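Student: Have a look at this one before I ask anything.
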Amino acid sequence: MYADDTNILAVDKEEAALQHKITFVIQQLEIWFCKKDLIVNIRKKIALSFNPHQNTHSCRPHVMVNRNEIAYSSEIKFLGLFIRENLAWHVQIHYVQI
C-alpha cells in the first residue's frame with residue numbers, strides 16, 4: 001500500500017523552530033508508515049512554502065523523507081485547486097476560465 005495522500009502543515013515564525021517541527025513530524029510519520037507497512041513514493045512528493053507576495057525572503061526548510069530531500073515547487077494542484085506559494089489566485093482563475 002502507498003501513502004500518496006499525506007499532507008503536513010507546519011507553521012512557525014522562526015525558521016529554526018519550523019525546521020525542528022518538520023523534522024519531528026516526518027520522523028513520527030516514518031515510524032507510523034513503517035508500522036502500517038505503507039510505502040512513501042518520494043518521486044510524487046513536493047514541498048510548498050506559503051509566503052505573502054510582500055515577503056521577499058522565502059523560508060524553505062529541508063524536508064527529508066527516508067533520507068531523501070523533497071523538492072520545493074512554486075505551485076501545486078490540490079483537491080482541484082491551483083495553489084501558489086504566494087497565495088495568488090491568477091493560475092486558478094485562468095484554469096477556470098478555459
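Throughout, read-outs are computed from the coordinates displayed, never taken from laboratory work. A quick note: this is a predicted structure, and the numbers were derived from the prediction, not measured.
Student: Applying the Karplus parametrisation 6.51 cos²θ - 1.76 cosθ + 1.60 with θ = phi - 60° to the phi angles of segment 59-67, what ³J(HN,Hα) value in whole Hz is obtained for each residue in order, glycine and proline being reported as x?
Tutor: With coefficients 6.51, -1.76 and 1.60, one gets 8, 10, x, 6, 10, 10, 10, 6, 6 Hz.
Student: As a check on your grasp of the helix formula, calculate [θ] at 222 nm for the chain: sum -39500 (n - 2.57) over DSSP H runs of n ≥ 4, divide by the residue count, round to the nearest 500.
Tutor: Numbers: 2 runs with 29 residues, N = 98.
That calculation yields -9500 deg cm²/dmol at 222 nm.
Student: How are the Cα pair distances of the chain distributed, in percent, across 5 Å bins from 0?
Tutor: 2, 11, 20, 22, 19, 14, 8, 4, 1
Student: Give the aspartates and glutamates whose C-alpha is closer than 19 Å to that of Lys77, dropping any in the same chain fewer than 8 places away, or say none.
Tutor: Straight-distance partners of Lys77: Asp4, Asp5, Glu85.
Student: Can you give the % of DSSP beta bridges in the chain that are antiparallel, to the nearest 5?
Tutor: Numbers: 6 of 8 bridges.
Counting DSSP beta bridges with both partners in the chain, the antiparallel share is about 75 percent.
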